[in-house]
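I am attaching a structure below and will ask some questions about it afterwards.
Each reported figure results from applying straightforward, stated rules to the coordinates on display, with no laboratory input. Bear in mind that the values here come from a model prediction, so they are computed numbers and not experimental data. Don't worry about glycine lacking a Cβ; one is built from the backbone with ideal geometry, like all the others, and counts go over all protein chains shown.
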Amino acid sequence: MAYIVVATSNAHKVDEYRKLLADQNVELKSLLDYPGFPGVEESGATFAENASIKALAACKYCDVPAFADDSGLEVEALGGRPGVFSSRYAPTDPERIAKLLKELEGCENRKARFVCAIAIAVNGEVIETFEGTVNGVITSSPRGEGGFGYDPVFQPDGYDQTFGELSQEVKNQISHRAAAFRKALEFVEDEMSVLDNEF
Ligand code: ITT
């Protein structure tokens, strides 16, 4: 079976991608399967740049086609912060959420969006990047145990529940990651031969 590496060490992302790929004849590996991977500095100014840096490094290290996701939360009242710094905003998920709610205390504009950029690298080159977004609002307190990151305080437009409360099936239909992935998959289906490496 063909396989591809997703250049992430975030087990939640791997889990979401595994479900998104369930109907495809492709095995998914991640950097959790390559514990010697040295890591990279996410020095890009945009999600697409950081996704490209990660995909390229994994493709070269693992010597197989790789894709990477750089994602984050853009909050309108904060001028788009934390954006590409979403994972570096504070040390842990609960601290990131607490800091965000504190910054938004008393703020009526709760509009936010999740953004995900996916880059695909093959034969030591980034061949394409794709972007997906989902709009929503930041709730006044965390709700739900599901998902990861900012999910408990993000309520997507059209829903009364946060990503922490919604099932993974629903999140995987409407999320920024799902939107970017659908575009990537469409591209790959046309170019499936790039994935024809065997175990
Ligand atoms: P990798 O770089 O290894 O993929 P990471 O968690 O550091 O893992 P990013 O650099 O892309 O990933 O940072 C994305 C951060 O944005 C992530 O840690 C969360 O805090 C937040 N985030 C992204 N997608 C999210 C989602 O679907 N739900 C909740 N928070 C999300």
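Mind listing whichever residues of the stretch 16-45 are of a type in the set (A, V, I, L, M) and either closer than 24 Å to Glu189 by Cα or buried (at least 17 other Cβ atoms within 10 Å of the Cβ) (or both)?
If we filter the stretch 16-45 for residues that are of a type in the set (A, V, I, L, M), which is where we start, we get 20-22, 26, 28, 31-32, 40, 45.
Once the filter is applied, which keeps residues that are of a type in the set (A, V, I, L, M) and either closer than 24 Å to Glu189 by Cα or buried (at least 17 other Cβ atoms within 10 Å of the Cβ) (or both), the stretch 16-45 yields Leu20, Leu21, Ala22, Val26, Leu28, Leu31.
In the stretch 63-86, which residues are free of Cβ contacts under 8 Å to residues at least 40 places away in the same chain, within 13 Å of the ligand (Cβ to nearest atom) and not in a helix (DSSP H, G or I)?
Filtering the stretch 63-86 down to residues free of Cβ contacts under 8 Å to residues at least 40 places away in the same chain leaves 63, 76-83, 85.
Checking the rest, the ones that are also within 13 Å of the ligand (Cβ to nearest atom) come to 81-83, 85.
Selection gives Arg81, Pro82.
Picking from Glu191, Glu165, Glu95, which residue would you name as being among the charged types (D, E, K, R) and away from the ligand (no atom under 15 Å from the Cβ)?
On the way: Glu165 fails: away from the ligand (no atom under 15 Å from the Cβ); Glu95 fails: away from the ligand (no atom under 15 Å from the Cβ).
Selected residue: Glu191, the only one of Glu191, Glu165, Glu95 that is among the charged types (D, E, K, R) and away from the ligand (no atom under 15 Å from the Cβ).
Next question, about the same structure. Checking the structure you have, find out if any residue of the stretch 46-62 is within 13 Å of the ligand (Cβ to nearest atom), crowded, with 17+ Cβ neighbours inside 10 Å, at negative phi and part of a strand (DSSP E or B).
Checked against the condition, which is being within 13 Å of the ligand (Cβ to nearest atom), crowded, with 17+ Cβ neighbours inside 10 Å, at negative phi and part of a strand (DSSP E or B), the stretch 46-62 yields no hits at all.
From the set of residues in the stretch 122-149 that are within 14 Å of the ligand (Cβ to nearest atom), part of a loop (DSSP other than H, G, I, E, B) and within 30 Å of Tyr3 (Cα to Cα), which is farthest from the chain's Cα centre (by Cα)?
Within the stretch 122-149, the subset within 14 Å of the ligand (Cβ to nearest atom) is 129, 131-136, 138-139, 142-149.
Restricting the remaining residues to those that are part of a loop (DSSP other than H, G, I, E, B) gives 139, 142-149.
Filter once more, keeping what is within 30 Å of Tyr3 (Cα to Cα): 146-149.
Values: Gly146: 16, Gly147: 12, Phe148: 11, Gly149: 10 Å.
Among those residues, the one meeting the criterion is Gly146.
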